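The values are calculated or read from the model by the stated rules, or taken from the named source; none is laboratory data. Quick caveat: nothing in here was measured; it's all calculated off a predicted structure. Reconstructed Cβ throughout: ideal geometry from the backbone, glycine too, with neighbour counts over all protein chains shown.
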Amino acid sequence: MKILAIETSADETALAILDITGNANAPKIKILSEAVASQIALHAQYGGIFPMMAKRDHSRNIVPLFSGLLKKAKMFREISNNQPASPAGRFPISKEKQITKILDREQELLPQFLKEVSKIKIPKIDHIVVTSGPGLEPALWVGINFAQALGFAWGIPVTPINHMEGHILSILIQESKVMANSKLPITKQKIYKKDTREYKTPKIQFPTLALLVSGGHTELVLMKDWMKYKKIGQTRDDAAGEAFDKVARMLGLPYPGGPVISKLAEQFRNQLKIKNEKLKITLPRPMMYSGDFDFSFSGLKTAVLYLLREIKDRTDEITKEVAHEFENAVVDVLVHKALKAAEKYKVRTIIVGGGVASNTHLRSTLTAKSSALNIPVYFPTKGLSTDNAVMIGIAGYFQILNKKNPPLSRRINQVIRNKKIVAKGNLSL
Ligand code: KG4
Ligand code: ZN
């Protein structure tokens, strides 16, 4: 089944076309094409994501990104010799009217859609899937409205996908079976690629514990089976990634904070191995022994703030040591709680998903400690920890197999009628 996946929940406009077959226990996944436009540079000056700017950038970028995506998947054909039906584009007038209605809040997207998409011959895509939450509401709507308009224009069904479910299922792509195209990294730049590798998927044994650590969420989720989720703990204030971002800002480091703090911490860790020095800085491990599976990172952030106030002349060495101790504190708490939950619920697999899953220290610590307990742990492969559309495509396939969600158009109408926000914070939509 060929799936077009769309993700605009935060600061990446991400699209992917996947070809997936097989059942949930042995899916065969091929990435036909992937495109990501990162807004990191845009938001860096604010130290975080600015929702209305994110929306505008998604709105501007999504149509050209989509054309590129189709081209790389060799699915782009222009309709030949067709007279434009209106100055706006080649859709029949009644269709154009309806699309205009669907995209009435996406003023930059609409003219591009009418002009560019109306030129394209309908490609063989079976299903469109789109992130419908949780995320930044204005940003999410760009993806949802684009999916709706495209689904309507081309007569393709559209299914809403939970972003966090995407992060969980991102681990289904591990290293490739055939390394024919190993020069194609999945990076955060605007890239397109045709990659027909078939990915090896790990065998997941249930019950499984998912540790979700992103910029907006920190959750422990118990899975009795595919698609069966029970949240057993979550952060009471800041998410783990958010804490990395905020502490980076205090240290005068760029956004997003996770990768840069992690790099400095790693340098300090390596120096320690050689120097064997005594550590001067200690930070708390909040809620480590609270006896439940909740987290709290806001106190840790405040502890860093107070610490920095006391330090008069902060050298690069001290910055590295703060980064190192902060990273240790976050990782200690995450690993301790995840393993406690794993023991309590006798889980047979641990999955880690979300941007913070790319943290090297978290990876090595959790892998070492869970292997001592004989529990395999799976992290997303490089590039699939942070937001991407590939994971949304995989979650989409599982949803389609499961036929759990009603079609998007019905859901969206419900959402609008009930004046509810699409971006819900919990996993079950
Ligand atoms: O999943 P994601 O891309 O977006 C959300 O759904 O929120 O996660 C982004 C978060 C950011 O807060 C970023 O600082 C963090 O993931 N992050 C990291 C690392 N790489 C990204 N945190 C710690 N270590 C990293 N290497
Ligand atoms: Zn995410």
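Observations
- Residue check, residue 40 modelled with pLDDT under 90 and touching a strand residue (DSSP E or B) at 6+ places or on another chain (Cβ under 9 Å): yes
- The residue pairs whose first member lies in region 385-404 and is assigned to a helix (DSSP H, G or I), whose second member is of a type in the set (Ser, Thr, Tyr) and modelled with pLDDT under 95, and whose beta carbons are closer than 6 Å, counting only pairs six or more residues apart or on different chains, are 396/159; 399/159.
- Of all residues in region 130-143, those that are touching a residue at least 40 places away in the same chain (Cβ under 8 Å) have Cβ atoms under 8 Å from Cβ atoms of residues that are among the small types (Gly, Ala, Ser) and in a helix (DSSP H, G or I), 6 or more apart or on another chain, in 130/143; 130/147; 131/143; 131/166; 136/54; 138/54; 139/54; 142/59.
- Within region 227-240, if we keep just the residues that are assigned to a loop (DSSP other than H, G, I, E, B) and at pLDDT 95 or above, the residue that is farthest from ligand 1 (Cβ to nearest atom) turns out to be 236.
- Look at (1) over 27 Å from residue 395 (Cβ atoms); (2) more than 16 Å from ligand 1 (Cβ to nearest atom) and you find that residue 251 fails only one, number (2).
- Residue match in region 214-222 (condition: without any contact (Cβ under 8 Å) to a residue 40 or more places away in the chain and under 24 Å from residue 351 (Cβ atoms)): no
- Residue that is surrounded by the fewest Cβ atoms within 10 Å (Cβ to Cβ), among those in region 246-288 that are under 24 Å from the mean Cα position of the chain (by Cα) and in a loop (DSSP other than H, G, I, E, B): 254
- Screening region 375-393 for residues that are within 14 Å of ligand 2 (Cβ to nearest atom) and among the hydrophobic types (A, V, I, L, M, F, W, C) and picking the one that is farthest from residue 159 (Cα to Cα) gives 384.
- Sole exception among (1) under 30 Å from residue 215 (Cβ atoms); (2) crowded, with 22+ Cβ neighbours inside 10 Å; (3) of a type outside the set (Asp, Glu); (4) touching a helix residue (DSSP H, G or I) at 6+ places or on another chain (Cβ under 8 Å) for residue 112, by number: (2)
- Test: residue 315 is out of contact with any Ser or Thr (no Cβ under 7 Å at 6 or more places or on another chain) and without any contact (Cβ under 8 Å) to a residue 12 or more places away in the chain: yes
- Qualifying residue in region 53-61 (condition: closer than 30 Å to residue 216 by Cβ, within 16 Å of ligand 2 (Cβ to nearest atom) and of a type outside the set (A, V, I, L, M)): yes
- Residue match in region 172-195 (condition: part of a strand (DSSP E or B) and modelled with pLDDT of 90 or more): no
- Within the set 17, 31, the sole residue that is modelled with pLDDT under 95, away from ligand 2 (no atom under 16 Å from the Cβ) and either of a type in the set (A, V, I, L, M, F, W, C) or closer than 22 Å to residue 158 by Cα (or both) turns out to be 31.
- Across region 236-268, the number of residues qualifying as more than 16 Å from ligand 2 (Cβ to nearest atom) and in contact with a His (Cβ under 6 Å, 6 or more places away or on another chain) comes to 2.
- Evaluation of residue 314 against (1) more than 16 Å from ligand 2 (Cβ to nearest atom); (2) within 27 Å of residue 272 (Cα to Cα); (3) in a helix (DSSP H, G or I) (one fails), failing number: (3)
- Some residue of region 41-63 being within 16 Å of ligand 1 (Cβ to nearest atom) and among the β-branched types (Val, Ile, Thr): yes
- From the options 338, 243, residue that is crowded, with 20+ Cβ neighbours inside 10 Å, away from ligand 1 (no atom under 12 Å from the Cβ) and either in contact (Cβ under 8 Å) with a residue 60 or more places away in the chain or more than 26 Å from residue 212 (Cα to Cα) (or both): 338
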